[in-house]
Amino acid sequence: MLYLVPTPLGNLKDITLRALEVLQQVDVILCEDTRTSSKLLNHYQIHKPLSPYHQHNEHKIVPHIVDQLRAGKTMALITDAGTPGISDPAFLLVRECIKYDVVVNCLPGAAAFVPALVNSGIPTNRFVFEGFLPMKKGRQTMLKQLATEERTIIIYESPMRLVKTLEELAQYFGADRICCVSRELTKMFEENKRGSLTEVAAYFKEKSVKGEIVVVIAGKE
């Protein structure tokens with residue numbers, strides 16, 4: 001069996017009792033970064049073999065992992081933060097497990113876009129999650145498509161590209177389109193900045209930004 005186990009976004013207390021139980025019981029824990037995952041696992045005194053599984057090696061090692069699962073091993077897949085498969089590797093492994101009748105069990109838990117959406121003050125009844133926008137190829141096409149989207153839009157962004165992305169969104173969506181930028185969710189310096197795209201871009205232009213970032217944008221009226 002393969003378990004997909006969500007891990008805390010920042011606050012180590014944001015993990016379920018079931019997740020801890022699963023991590024204690026599996027044979028191997030697949031993790032995005034063994035150093036990052038070790039902090040969480042050591043905190044809860046979980047000592048299991050760790051195996052790197054990330055976007056740079058997943059194509060190569062998926063067959064080997066599935067072979068081990070088919071041979072009877074039980075594994076858990078975790079990422080640095082949040083739910084595996086949400087802008088993090090998991091899809092290829094899950095698809096291959098399904099192909100070979102390996103049971104896949106996804107536990108409920110943390111995903112950064114959920115608290116960001118709910119506390120944004122922007123409608124939550126209909127939304128589209130786009131993850132990270134394309135860096136170059138297809139970026140303009142994507143922005144043009146999203147500009148006409150009537151549902152609330154959620155994207156992830158890095159600190160170094162945040163201002164540029166907000167300015168591009170203002171260019172394609174209109175300067176007055178309402179948004180909310182959430183960063184460092186669940187951590188000591190959590191921040192949720194709400195306003196128009198131009199206002200929020202100007203705000204972050206004057207700041208040194210760190211941490212994981214979620215941008216929630218109102219749909220077209």
Item to complete: Could you please tell me which pairs satisfy a Cβ distance under 6 Å, a separation of 6+ or placement on different chains, a first residue in the range 96-112 that is in contact (Cβ under 8 Å) with a residue 24 or more places away in the chain, and a second residue that is surrounded by fewer than 18 Cβ atoms within 10 Å (Cβ to Cβ) and assigned to a strand (DSSP E or B)?
Response: C97/V104
Worksheet item: Which ranges mark the helices (runs of 4 or more DSSP H) fully within the range 4-89 that have 3 or more residues being in contact with a helix residue (DSSP H, G or I) (Cβ under 7 Å, 6 or more places away or on another chain)?
Response: 58-70
Worksheet item: What residue, among those in the range 191-210 that are assigned to a loop (DSSP other than H, G, I, E, B) and touching a residue at least 12 places away in the same chain (Cβ under 8 Å), is nearest to the chain's Cα centre (by Cα)?
Response: K210
Item to complete: Could you please find all residues in the range 1-41 being over 22 Å from S87 (Cβ atoms) and of a type in the set (D, E, K, R)?
Response: K13, R18, E21, D27
Item to complete: Would you please list the contacts, defined by Cβ atoms under 8 Å and residues six or more apart or on different chains, that run from a residue in the range 31-57 that is under 18 Å from N11 (Cβ atoms) to a residue that is among the polar types (S, T, N, Q)?
Response: S37/T7; L40/T7; I46/Q24
Discussion item. Among the residues of the range 132-160, what is the count of those that are surrounded by 12 or more Cβ atoms within 10 Å (Cβ to Cβ) and either on the phi > 0 side of the Ramachandran plot or small (G, A, S) (or both)?
Written reply: 2
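We did not get these values from a lab; they are worked out from the coordinates using the rules stated. Small disclaimer: the values here were computed from a predicted structure and weren't measured. Every residue, glycine among them, receives a Cβ derived from its backbone with ideal geometry; neighbour counts consider all protein chains shown.
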